[in-house]
1. Considering only region 181-199, I want to know if a residue exists there that is touching a strand residue (DSSP E or B) at 6+ places or on another chain (Cβ under 8 Å), within 16 Å of the ligand (Cβ to nearest atom) and within 21 Å of residue 105 (Cβ to Cβ).
2. Among the residues of region 256-268, write down those that are touching a residue at least 40 places away in the same chain (Cβ under 8 Å) and either in a loop (DSSP other than H, G, I, E, B) or within 16 Å of the ligand (Cβ to nearest atom) (or both).
3. Residues that are assigned by TED's automatic domain parsing to the domain that holds residue 102 and farther than 29 Å from residue 79 by Cβ: which helices (runs of 4 or more DSSP H) entirely in region 140-231 hold 2 or more of them?
4. I'd like the full set of residues that are in contact with a helix residue (DSSP H, G or I) (Cβ under 7 Å, 6 or more places away or on another chain) and part of a helix (DSSP H, G or I), limited to region 275-300.
5. Can you find, within region 103-117, the residue that is farthest from the ligand (Cβ to nearest atom) among those that are farther than 15 Å from residue 166 by Cβ and surrounded by fewer than 18 Cβ atoms within 10 Å (Cβ to Cβ)?
6. Working carefully through the options 89, 72, find the one that is under 16 Å from residue 307 (Cα atoms) and more than 10 Å from the ligand (Cβ to nearest atom).
7. Can you go through 249, 284, 253 and tell me which one is under 18 Å from residue 218 (Cβ atoms) and either within 16 Å of the ligand (Cβ to nearest atom) or touching a strand residue (DSSP E or B) at 6+ places or on another chain (Cβ under 7 Å) (or both)?
8. Among the numbered criteria (1) free of Cβ contacts under 8 Å to residues at least 60 places away in the same chain; (2) away from the ligand (no atom under 16 Å from the Cβ); (3) surrounded by 14 or more Cβ atoms within 10 Å (Cβ to Cβ), which one does residue 277 miss?
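The values are calculated or read from the model by the stated rules, or taken from the named source; none is laboratory data. This structure is a prediction, so every number in the text was calculated from the model and none was measured. All Cβ positions, glycine included, derive from the backbone under ideal geometry; neighbour counts span all protein chains shown.
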Ligand code: DGY
């Protein structure tokens, strides 16, 4: 039986699917230990999570068949190097779309309506009755939502935003562009507007990021982009932290260059940029876009099914190698 290394325990039904396919070892490993484990020839498959880095150096030594990432994103893995060394990489697409879009909306509403600040105000015993000007926020309906990206999660976010009465603009592959046909737009044809990255940046009341991290998107939202946004704009990031220059964001929030931000992901996760947590105009979540019981269980099922297929020599359902 093949050995499967699991770096972080995954929920049911993951373990039973893995155990039926191979001998499972659950081991929390540091970076050097992970590299050695992959090079040892002891494991056929590694079940990994976002904090496990598989770079070119690790992959060039690795004696493994595949990596099953417990996530839809896989920027922690150098897929080109994995492909070069004949290592299959898989992810968990589709099952966390709605939960992540929910968190994008949650962050929009929480920032617009100052929910965290208001909660702290009540808990501190400061609420002494209704007042015409207490905790005034911003409307969401009637405002412009700019979506960076137009994949599954962006579309689910668009669906929700349209129901809230927002105008929805999208840029499918920022900072560049690509054509989008009416048939690709499907249910959104005539209901959302395809615009350039520059127009998304300058024209959005809420700018929500839904793009993978790559060389092209690293620091896509930098100090220049932040300066080009409306002073009343809100930045939402449920994608990947390094898409935003977090130090520049702290300065922009502090100086009123933009009004607020709602973040579920961080540039140097789990560390925050100095000063970020001291700002009143940012809502901070601990990377919980997919964190519902049912979604994490579905992710475990997909992840374990991918790993089991690779451990038993069949084609995994969700391979990301080109
Ligand atoms: C992912 O799957 O890529 C999320 O960031 C974590 O669920």
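1. There is no residue in region 181-199 that is touching a strand residue (DSSP E or B) at 6+ places or on another chain (Cβ under 8 Å), within 16 Å of the ligand (Cβ to nearest atom) and within 21 Å of residue 105 (Cβ to Cβ).
2. Of everything in region 256-268, those that are touching a residue at least 40 places away in the same chain (Cβ under 8 Å) and either in a loop (DSSP other than H, G, I, E, B) or within 16 Å of the ligand (Cβ to nearest atom) (or both) turn out to be 259, 262, 263, 264.
3. 152-163, 197-203, 223-228
4. Once the filter is applied, which keeps residues that are in contact with a helix residue (DSSP H, G or I) (Cβ under 7 Å, 6 or more places away or on another chain) and part of a helix (DSSP H, G or I), region 275-300 yields 276, 295, 300.
5. Ranking the qualifying residues of region 103-117, first place goes to 117.
6. Within the list 89, 72, the selection yields 89.
7. Values: 284 fails: under 18 Å from residue 218 (Cβ atoms); 253 fails: under 18 Å from residue 218 (Cβ atoms).
Of 249, 284, 253, the one residue that is under 18 Å from residue 218 (Cβ atoms) and either within 16 Å of the ligand (Cβ to nearest atom) or touching a strand residue (DSSP E or B) at 6+ places or on another chain (Cβ under 7 Å) (or both) is 249.
8. Status for residue 277: all satisfied but (3).
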